[in-house]
Amino acid sequence: RQRIREDKLATAANIWTQKIFPEWEQRRSSSKVADLVRQGVPPSVRGRFWTLCIGNGLGISPELFEAFKAKAAMLEPQIIAVGAISQAEEDAANGRVREEILSAARSWSEIDLDLARTFPSLQFFSKEDGLFHTSLRQLLRLYVCFRPDLGYVQGMSYLCAMLLLHLEEEEAFVALANLMQAHHLLPFFSVNEAVIGMHVRVFDHLFAETNPAMAQLFRDHGVSSRVFLLEWWLTLFSKSLPLDVGTRIWDGYILHGPVYLFRTAIAIVTLIWSKTRDCELEDALVAVSSLDKQDLDEGIVLSAIDKVQISDAKLAELFARYHKTSP
């Protein structure tokens, strides 16, 4: 069986490298590529697939990447000299520490805390001697240098870690910076309540159409879908789902865009509902909020997503409608 699987992956990889990638711009929106992604992107070509889909609209060059590395190296001794954050805040108030240094110090401290929480079962990132521990810390610090106005926000480590599993450091940084600019991520990490609220309302609308019984149950008990959507969408499901399932979700999102996140969220809540409909609502909510502890098979999840049909046009129409009615 293992040999058969390896042969299938090799055949699929050849199709990507010989037929798809050379004509990427013509083929990226084709049904052929969508079918190949649904069948499973071979790990050997996933990095290139993600890089091509995400692109580099920000125009981050190798020289700019090196400049951010130099800036981080320059900041490090200054941040070390700052010491404890509480003392640094007092020093900043007295003008002894520049706000830029204090802000970076806060972010770097939060990064170090989050490294131990990122894919802990893998130990690639969480352990000091883990394969990607140093790279993850480095790239997150570079992102803080790139976007000091945003800094580090909890959840970014999962995005960066997922990229590092498939890309080299510089490629991962370029992908992270551009991914953060796409769709919902930047306003979500910036806690833009208007944008977050609009996404929740659009989800609730689609969820009520797809699963009216559970949607009504949520309304009756005053349960907001926000309680699970934020974590799911901030980390693109990488924190909430088993790694193999989460990786397939990333493939779908990177190709299809935001509509795939809505389809995935509806599919997963519907799956949990089918398993817990005879339980108390609280049990169902616990299950929804702890997907990593649920036995969610990759094939079952992908089949459930296939059944949720939402077009880009439908999603755009709903966003336009709720944008007009936003408070």
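Picking from residues in the range 181-212 that are over 19 Å from Leu58 (Cα atoms) and of a type in the set (Phe, Trp, Tyr), the one that is nearest to the chain's Cα centre (by Cα) is Phe188.
What about Phe218, is it buried (at least 19 other Cβ atoms within 10 Å of the Cβ), more than 21 Å from Thr247 (Cβ to Cβ) and modelled with pLDDT under 95?
Criteria met by Phe218.
For the range 131-150, residues that are crowded, with 18+ Cβ neighbours inside 10 Å and more than 13 Å from Leu176 (Cβ to Cβ) total 3.
Pairs are defined by a Cβ separation below 9 Å, a sequence spacing of at least 6 or placement on different chains, a first member in the range 14-28 that is closer than 11 Å to Val45 by Cα and small (Gly, Ala, Ser), and a second member that is assigned to a helix (DSSP H, G or I) and open to solvent by 80 Å² or more (accessible area, probe 1.4 Å); no pair meets this definition. Every residue in the range 51-72 that is open to solvent by less than 60 Å² (accessible area, probe 1.4 Å), hydrophobic (A, V, I, L, M, F, W, C) and under 13 Å from Phe173 (Cβ atoms), please. Ile54, Ile60, Phe65, Ala67, Phe68, Ala72, listed by residue number. The listed residues are Asp251, Asp244, and the only one of them that is surrounded by fewer than 19 Cβ atoms within 10 Å (Cβ to Cβ) and in contact (Cβ under 8 Å) with a residue 12 or more places away in the chain turns out to be Asp244. All of Ser190, Ser157, Ser238 fail the test of being in contact (Cβ under 8 Å) with a residue 40 or more places away in the chain, within 21 Å of Val269 (Cβ to Cβ) and among the polar types (S, T, N, Q), apart from Ser238.
For the range 150-167, the condition of being more than 18 Å from the chain's Cα centre (by Cα) and on the phi < 0 side of the Ramachandran plot holds for none of the residues. Here the range 165-188 is the region considered, the condition is being at pLDDT 95 or above and either touching a Gly at 6+ places or on another chain (Cβ under 7 Å) or acidic (Asp, Glu) (or both), and the residue that is most open to solvent (accessible area, probe 1.4 Å) is Glu168. Of all residues in the range 223-240, at least one satisfies being open to solvent by 10 Å² or more (accessible area, probe 1.4 Å) and of a type in the set (Asp, Glu).
Pairs linking a residue in the range 56-74 that is more than 18 Å from Ala105 (Cβ to Cβ) and outside any helix (DSSP H, G or I) to a residue that is open to solvent by less than 70 Å² (accessible area, probe 1.4 Å) and among the polar types (S, T, N, Q), with Cβ atoms under 7 Å and 6 or more positions apart or on different chains, are Asn56/Asn178; Gly57/Asn178; Leu58/Asn178.
The values are calculated or read from the model by the stated rules, or taken from the named source; none is laboratory data. Just so you know, these numbers come straight off a predicted model, no measurement behind them. Note that we place each Cβ from the backbone using ideal geometry, even for glycine, and neighbour counts take in every protein chain shown. Surface areas here come from the heavy atoms of the whole protein model, side chains and all, with no ligands, DNA or RNA. Shrake-Rupley method; radii C 1.70, N 1.55, O 1.52, S 1.80 Å.
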